[in-house]
Amino acid sequence: MKEGKITLTMKQLKRYQVICSYIDKQITRREAAELLSLSERQITRLKKGVVESGAEFLTHKNTGKKPVHSISNEVKEAILKIKKTNSLKNVNFLHFKEILSEEYSIEISYSSLYSILKNAEIKSPMKKKNQAQKIS
């Protein structure tokens, strides 16, 4: 078992408390299964994990880690710097994606680009529609 802090969600904390009650023989396996809406087999699995690893067993192993497929902060900053140049301010997001690919060799999906620019509060320029009033 590792030493250090373990952060549990409320759901994980409830699981831990119920499993500890089961380990201390305060409740039966069936009662624990009903409290957690799990099968008795899952309760046995959780008990074994908690006995071997402690509360850490109930947390996901990737908790707190950055996904391997995420876009690095350096690339995000480069994209924002490029977008803020005078010549590219009035380019819509899709065209900007193509420019990034062709001129800067930055391959990024449209949805990722959209998220980066929206989070930086950059809006895609919209076509101005004529709001001519109809004369009756």
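Just for helices (runs of 4 or more DSSP H) wholly inside segment 45-125: which have at least 2 residues that are in contact (Cβ under 8 Å) with a residue 40 or more places away in the chain?
So the answer is 73-83, 110-119.
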* Could you figure out which of (1) in a loop (DSSP other than H, G, I, E, B); (2) loosely packed, with under 11 Cβ neighbours inside 10 Å isn't true of Lys11? => (1)
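Of everything in segment 21-41, what is of a type outside the set (Val, Ile, Thr), surrounded by 12 or more Cβ atoms within 10 Å (Cβ to Cβ) and over 24 Å from Asn62 (Cα atoms)? Give them in sequence order.
Listed by number, the residues that qualify are Ser21, Tyr22, Arg29, Glu31, Ala32, Ala33, Glu34, Leu35, Glu40.
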* Asked: For segment 47-62, does any single residue satisfy the condition of being closer than 30 Å to Ala32 by Cβ, exposed (fewer than 10 other Cβ atoms within 10 Å of the Cβ), within 26 Å of the chain's Cα centre (by Cα) and among the polar types (S, T, N, Q)?
  -> yes
* Restrict the check to segment 68-80 and report whether at least one residue is loosely packed, with under 15 Cβ neighbours inside 10 Å and either more than 30 Å from Glu121 (Cα to Cα) or acidic (Asp, Glu) (or both). => yes
* Please determine, by comparing only the residues of segment 89-98 that are farther than 12 Å from Leu113 by Cα and modelled with pLDDT of 80 or more, which one is surrounded by the fewest Cβ atoms within 10 Å (Cβ to Cβ). => Asn90
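The values are calculated or read from the model by the stated rules, or taken from the named source; none is laboratory data. Quick caveat, the model's predicted, so the values are computed rather than measured. Every residue, glycine among them, receives a Cβ derived from its backbone with ideal geometry; neighbour counts consider all protein chains shown.
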